[in-house]
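To start, the structure itself, in structure tokens.
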Amino acid sequence: MSLTLYNTLTRRKEAFQPLEPGTVKMYCCGVTVYDYCHLGHARSYIAWDTVRRYLEWRGYQVQYVQNFTDIDDKILRRAREEGSTMDAVSEKYIAAYFEDMDRLNIRRADEYPRATHTIDGIQRLIHELETKGIAYATDGDVYYAVRSKTDYGKLSGRKLEDLEAGASGRVDEEVVKKKDPFDFALWKAAKPGEPFWESPWGQGRPGWHIECSAMVRDRLGDSIDIHVGGGDLIFPHHENEIAQSEAATGKPLANYWLHNGMVNVGGEKMSKSLGNFTTIRDLLDKGGVDPMVMRLFVLGAQYRKPIDFTDEAIAAATNGWKTLKDGLLFGYEAGATLGWQNVTTAWPQDKLDPQAIVAFQTSMDDDINTAGALAVLFDLAKKLQREANLLIHQGQTETASDQLEVQWHTLVALADVLGLEVQPMVKEAEVSGLSDDAIEDLIAQRSAAKKARDFAEADRIRNDLQAQGISLIDQPGGGTRWHRTV
RNA sequence: GGCGGCAUGGCCAAGUGGUAAGGCAGGGGACUGCAAAUCCCUUACCCCCAGUUCGAAUCUGGGUGCCGCCUCCA
């Protein structure tokens, strides 16, 4: 079996073949740090985090780099609005980014280069392009001449002839300076009062696309395996990255280009400009949504498809997560009863349930089909959930303990590949303040009340116990079992 | 207008040639004093038309609808 990925460059699924066996160089386009991240960002980074986790699970050593764009008009505007500085705004939202993503259990990249820390590399690259006659400077700006690259447009499938100049109706002074309306800025002359760096072209700052080209080259080399980002970055951002890098190096920038689908609200893309966005922190804090629910919501669809963010979808994911969570907690809650040695020690990879592993891998190998992979998790979780209930209600499981142990570890291992984790609850036996004996005693009183057909009293005792986190289960034979919830 | 993608049950979503995974929601039943939990059963001919084929949700052509990009954007 081999992993196949849909490559935007070829518009086909292709078998994944790294440049160097066993290792994967992966670059992810990060955020411009001028505001809190919204669910669109969450979707994107959950998707790529999952790809990374899966590659590692498949045995690859992954080098994962993600940038921060920390110089940009919007950041500067924000700084003005907040009476702050560009650096302060960047720092604030970078910190917020990490807070949000950590909560979503998105593993940190190996490196987070920033545009403002990559000025040297950016200038070197621009200079190289200039030397090769691909870039030209005018009035302190430097532009990339798109006509100089014959395959410009290969990623997005655009042809320069098909593009309509000024289709957006916007005309600014930049247009006048450009040789071709589709030329884009590599370097922008400083405007009064804005941060700038000295350069051969005068004081100024980098354009947007060039930073990624420079960072990829600095951190990962001329050619990498996988370049990922939101589908809205295909054009012009990634197209321009390719143009810059490949014109400079003469080598492919990336062999596989992966793009995630958008998060929609009411059928429309969630975006800042439409004002229909929900920030991650609002969803998690004000919405009271478990971060794992967000993850499950995202993973419920294949990463390339658009997903609609609705209350119903979150509600469904919430219920789904409860099932998975029950399954993931099984070992912690029932392991001791079932005589398992130690639920926290590592479980050997080769002792996982082979059928589940194969099913999971088959789905994931098919362009990271997480929806299919989740079906495997649900199968395991439902089974464990059922066994847990049998254990609580009947005092024994149907399946042998050692088999359950394998299934539980398999579920935990596979869920981990999807970044779905549960923190085992600390058993709060003291919460009720009642000893086991006291509980048994109350149950005996209730049984007596029931026998006397004093159901009001029986229900009162049951409700009291329930309020203290003790659930009672009347059994067909007449006995009553109990267990602590929470 | 150009480029790309999508269209599967009430909702979400797998399945890419052999008579439709899974999740959520719903219905029926068992059990119970009631309840909770549990257990069992149950809901699709895959947007439309034509074609290829012994056979198509799955391939081809056409149509319709929706989304994204073409301006900053995950």
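Along each principal axis, taking the top coordinate minus the bottom one, the Cα set of segment A:436-484 gives 26, 21, 16 Å in descending order.
Count Lys and Arg as plus one, Asp and Glu as minus one, and take only other residues whose Cβ is under 12 Å from that of residue A:217; the net charge is then -3. Over segment A:4-269, what is the mean sequence separation of C-alpha contacts under 8 Å (at least six apart), divided by residue count, expressed as relative contact order in percent? So the answer I get is 24 percent. With 28 Å as the limit, the listed pairs A:92/A:154; A:13/A:351; A:25/A:382; A:92/A:191 have A:92/A:154; A:13/A:351; A:25/A:382 beyond it between alpha carbons. For the residue pairs A:74/A:272; A:179/A:272; A:74/A:188, the alpha carbons lie more than 20 Å apart in A:179/A:272. The alpha-carbon positions of segment A:4-269 define a convex hull whose volume is 143 Å³ per residue. Counting only residues at least eight positions apart within a chain, or on another chain, the aspartates and glutamates with an alpha carbon under 14 Å from that of residue A:178 are A:139, A:141. Over segment A:290-409, the ratio between the Cα radius of gyration and 2.2 N^0.38 Å evaluates to 1.15. Taken over segment A:303-355, the alpha-carbon convex hull comes to 147 cubic angstrom per residue. Estimated from the Cβ-Cβ distance and a Förster radius of 51 angstrom, the FRET efficiency linking residue A:110 and residue A:451 is about 0.15. With K and R counted +1 and D and E -1, the other residues having a Cβ less than 11 Å from that of residue A:110 yield a net charge of +4. Normalised by the number of residues in chain A, the mean separation of alpha-carbon contacts (under 8 Å, six or more apart) gives a relative contact order of 16 percent. Across chain A, the fraction of Cα-Cα pairs farther apart than 40 Å, rounded to a whole number, is 35%.
Placing pseudo-labels 7 Å out from each Cα toward the beta carbon at residue A:362 and residue A:98 gives an inter-label distance of 4.3 nm.
You can think of it this way: the chain between residue A:91 and residue A:483 has 136.3 nm of extra reach, that is 0.36 nm per residue less the Cα-Cα gap. Sorting the Cα pairs of segment A:1-86 by distance into bins of 10 Å, from 0 upward, gives 14, 35, 27, 16, 8, 0 percent per bin. Which stretch or stretches of segment A:24-39 have amide N atoms under 11 Å from the point lying 7 Å from residue A:251's Cα along the Cα→Cβ direction? In segment A:24-39, the label zone of residue A:251 (backbone N under 11 Å from the point 7 Å along Cα→Cβ) covers no residue.
Going from the residue with the fewest nearby Cβ atoms within 10 Å to the one with the most, A:134, A:106, A:126, A:119 rank A:119, A:134, A:106, A:126. Once the C-beta distance of residue A:222 and residue A:315 is scaled by a Förster radius of 45 Å, the resulting FRET efficiency is 0.40 to the nearest 0.05. The simple spin-label model puts a point 7 Å past each Cα toward its Cβ; for residue A:467 and residue A:390 those points are separated by 3.7 nm.
Working from Cα pairs under 8 Å separated by at least six residues, relative contact order for segment A:320-417 is 42 percent. Rounded if a/c is under 1.5, else prolate if a/b beats b/c, else oblate: with a ≥ b ≥ c from the C-alpha gyration tensor eigenvalues square-rooted, which is segment A:1-147? Note, shape of segment A:1-147 comes out oblate. Given in Å, the Rg to one decimal and the Dmax to the nearest whole number for the Cα atoms of segment A:351-449 are 18.7, 61.
Here the spin labels are modelled as points 7 Å beyond Cα on the Cα-Cβ line, and at residue A:349 and residue A:120 they lie 3.8 nm apart. Translational diffusion coefficient, Stokes-Einstein: compute it for segment A:203-300 using the Kirkwood radius over C-alpha pairs as Rh, at 4 °C and 1.567 mPa s, and state it as an integer in µm² s⁻¹. Rounded, D is 81 µm²/s. Neighbours of residue A:412, meaning other residues whose beta-carbon lies under 12 angstrom from its beta-carbon, give a summed charge of -3 when Lys and Arg score +1 and Asp and Glu score -1.
None of the figures in this text is laboratory data; all of them are computed from the coordinates on show. Owing to the predicted nature of the structure, the values given are computational and were not obtained by experimental measurement. Heads up, the Cβs are rebuilt from the backbone with ideal geometry, glycines too, and the neighbour counts pull from every protein chain shown.
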